[in-house]
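This report concerns only the one structure given below.
The values are calculated or read from the model by the stated rules, or taken from the named source; none is laboratory data. Small disclaimer: the values here were computed from a predicted structure and weren't measured. Methodologically, a virtual Cβ is constructed for each residue, glycine included, from the backbone with ideal geometry; neighbour enumeration extends over all protein chains shown. Accessible surface is based on the protein model in full, side chains and every heavy atom, while ligands, DNA and RNA are left aside. Shrake-Rupley method; radii C 1.70, N 1.55, O 1.52, S 1.80 Å.
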Amino acid sequence: MLLRALAQVPDVALTVAGEFWEGVESYRRLAVELGLAGRVTLRPGYVPAEEIPHLFAEADALVLPYRSGTATQNVYLAFAHGVPVVATRVGSMPGQVRDGVDGILCEPGDVAALVAALRRFYEPGVAEKLRAGVRPPDTAGAWARYVQAFETLAHPAGLPRRLSRPEPETVR
């Protein structure tokens, strides 16, 4: 979907980095078929942590054209590197990306909507405004909320909490 959208947005390059679960060859063929040779870099395989800052330093935005999903940490990864996000309205992304503030949201599975989002991103001043709106994620607060929710589920009100594992009983 992103390759098809990119074919309609001139003067924009794309780097796709990470695992290609269905193989990379079909994406290479599609990029050539769409006339995107020279504008698309496919970098298949695991991306080591020390290379992630370099990838984000070269990016105008992280584009996440998910068709479906529940949650992703990729938005927070982009924000941690000061990069705005163009994403679809699926899963947790509408709660993570503030449309028009630190990213742009569009409808999933719709190439025309993704084209419109990319064009909007590159309108004069928009990319700069969105980059200025990016805030680093509050990882400490999120972790504290997770632990609190887990503790609440694991230890409902009124039940005693055990800080250590009880000794096994010997049946006699």
Tally of residues being loosely packed, with under 11 Cβ neighbours inside 10 Å and under 16 Å from the mean Cα position of the chain (by Cα) across the range 6-23: 1
Contact list, first residue from the range 17-40 and closer than 23 Å to residue 54 by Cβ, second anywhere and surrounded by 10 or more Cβ atoms within 10 Å (Cβ to Cβ) and among the basic types (Lys, Arg), beta-carbon distance below 7 Å, six or more apart or interchain, is 17/43
It is to be established whether one or more residues within the range 66-78 are in contact (Cβ under 8 Å) with a residue 12 or more places away in the chain and in a strand (DSSP E or B). no
With the requirement that a residue be open to solvent by 60 Å² or more (accessible area, probe 1.4 Å), among the hydrophobic types (A, V, I, L, M, F, W, C) and modelled with pLDDT of 95 or more, what does the range 24-60 give you? 32, 57
Of all the residues that make up the range 81-95, how many are surrounded by 15 or more Cβ atoms within 10 Å (Cβ to Cβ) and either of a type in the set (Lys, Arg) or in a strand (DSSP E or B) (or both)? 4
Every listed condition ((1) modelled with pLDDT of 70 or more; (2) farther than 21 Å from residue 90 by Cα; (3) open to solvent by 60 Å² or more (accessible area, probe 1.4 Å)) holds for residue 127 save (3)
Go through (1) over 13 Å from residue 130 (Cβ atoms); (2) buried (at least 22 other Cβ atoms within 10 Å of the Cβ) one by one and return the number of the condition residue 63 breaks. (1)
Output yes when any residue across the range 20-40 is assigned to a strand (DSSP E or B) and of a type outside the set (Val, Ile, Thr), and no when none is. no
When (1) assigned to a loop (DSSP other than H, G, I, E, B); (2) within 21 Å of residue 15 (Cα to Cα); (3) touching a helix residue (DSSP H, G or I) at 6+ places or on another chain (Cβ under 7 Å) are applied to residue 105, the one that fails is (1)
Looking only at the range 105-124, which residues are of a type in the set (A, V, I, L, M), over 21 Å from residue 70 (Cβ atoms) and surrounded by 19 or more Cβ atoms within 10 Å (Cβ to Cβ)? 117, 118
Please verify whether residue 145 is modelled with pLDDT under 95 and surrounded by fewer than 16 Cβ atoms within 10 Å (Cβ to Cβ), treating the condition exactly as stated. yes
Can you name the residue in the range 108-131 that is in a loop (DSSP other than H, G, I, E, B) and touching a residue at least 24 places away in the same chain (Cβ under 8 Å) and, of all such residues, is nearest to the chain's Cα centre (by Cα)? 108
